[in-house]
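Structure, as structure tokens:
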Amino acid sequence: MDIRNKVLMDREGLEKNGPITIVAFGDSVTHGAVGDGEMDYESVYWNRLRLMINEAYPYVPVNVINAGIGGITAKLSLGRFDKQVLSHDPDLVIVCFGLNDVNGPLEDFLIALEEIFRRCVTRNIETVYMTPNMLNTYVREGEVAEQHLKYAAKTAELQSSGRMDTFMEKSADLARHMGVTVCDCYSRWKELSLTQDTTLLLANRINHPIREMHQLFADELYRVIFPDRSQAADESTMYEEK
């Protein structure tokens, strides 16, 4: 039973099928990282999504398992995928990588994602590939932790050179080719970058979105999971720079 039907279950359905289980599989953004050394498991996108689903469908419990680890890549996550994701028999897997992968070869990133998607697809697990946020486009001296200044310069180059764009484009194409739903949040960030300084939308001014931007992720996920039941997030002003 897919998640769109499972949210409509009655007591008999719950007895037969159990509650909804979602696994969020990714890096530091999924983990809950915000500012330097700061975690927030309440504001993170998967918790916002859980609350949105339960607001619309309050009867069916929605359990989210956080399988995000800061600083990790898709390639390094392959070894933990079966134990930390598949073992929970999820109804939905949200895959979100790229922020760390862009430091390495594109081929490594795509091969790892292909294997992750393959393991989900062969088990008929509903899967969404959510592209992440943009990296910083310049270094905000005085706002980046001193120990991270060198890395901030590197990520700014990765973003401004178009390398991050290429990683996101190729990975989204791979997901679509494999029949995996794409939630292209990266494109939403690129749209915002036309009118806003997106570096200011990063809590650590490098790669971790401010709390409010996690709502963009949640809105876009809800849109692709429930395409006939969601309101257009385009009408929201919550992403506007204050």
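Remind me, what semi-axes does the stretch 106-207 give for its equivalent ellipsoid, largest first in whole Å, using sqrt of 5 times each Cα gyration tensor eigenvalue?
Those come to 30, 14, 12 Å.
What lysines does LYS6 reach when the alpha-carbon gap must be under 16 Å and sequence neighbours fewer than 8 apart in one chain are set aside?
Qualifying lysines at Cα under 16 Å: LYS16.
I'd like the orientation of helix 106-122 relative to the chain: the angle between its Cα long axis and the longest Cα principal axis, in ° from 0 to 90, rounded to 10.
The helix 106-122 is inclined about 10 degrees to the chain.
When ligands, DNA and RNA are left out and all protein chains stay put, how many square angstrom of accessible area per residue does the chain have with a 1.4 Å probe?
46
Among LYS75/LYS150; LYS170/LYS190; LYS154/LYS190, which pairs are too far apart, with a Cα-Cα distance over 21 Å?
Violating the 21 Å Cα-Cα cut-off are LYS75/LYS150.
Per residue and in cubic angstrom, what volume does the convex hull of the Cα atoms of the chain have?
Given the Cα convex hull of the chain, per-residue volume reads 120 Å³.
Can you compute the FRET efficiency between LYS170 and ASP82 using 1/(1 + (r/R0)^6), with r the Cβ-Cβ distance and R0 = 35 Å? Round to the nearest 0.05.
After rounding to 0.05, the efficiency reads 0.85.
Let me know the Kirkwood hydrodynamic radius for the stretch 54-179, please, with Cα pairs as the basis and the value in Å to one decimal.
Over the stretch 54-179, the inverse of the mean reciprocal pair distance is 16.2 Å.
Arranged from highest to lowest average of other beta-carbon atoms within 10 Å per residue, in what order do the peptides 69-78, 12-21 appear?
Averaged packing, sorted descending, gives the order 69-78, 12-21.
Per residue of the stretch 213-223, what does 6.51 cos²θ - 1.76 cosθ + 1.60 with θ = phi - 60° give for ³J(HN,Hα)? Whole Hz please, x for Gly and Pro, Karplus curve as stated.
Per-residue couplings from phi come out as 6, 5, 5, 4, 4, 4, 4, 5, 4, 4, 4 Hz.
In square angstrom, rounded to the nearest 10, how much accessible surface does ILE210 have for a 1.4 Å probe?
Here the residue's solvent-accessible area equals roughly 40 Å².
Using the crude model of +1 on Lys and Arg Cβ and -1 on Asp and Glu Cβ, and no other charge, please compute the dipole size for the chain relative to its Cα centre, in debye to 20.
500
On a 0 to 90° scale, report how tilted helix 149-160 is relative to the longest principal axis of the chain, with both axes built from alpha carbons and the result rounded to the nearest 10.
So the helix axis and the longest Cα principal axis differ by about 70 degrees.
Just to be sure I understand: with springs between alpha-carbon atoms less than 10 Å apart, which residue in SER187, SER87, SER28 has the highest mean-square fluctuation in the Gaussian network model of the chain?
SER87
The values are calculated or read from the model by the stated rules, or taken from the named source; none is laboratory data. In this text, all values refer to a predicted model and were calculated from it rather than measured experimentally. Using ideal geometry, Cβ is built from the backbone for each residue, glycine included, and neighbour counts are taken over all protein chains shown. The area values use the complete protein model at the heavy-atom level, side chains included, leaving out ligands, DNA and RNA. Shrake-Rupley method; radii C 1.70, N 1.55, O 1.52, S 1.80 Å.
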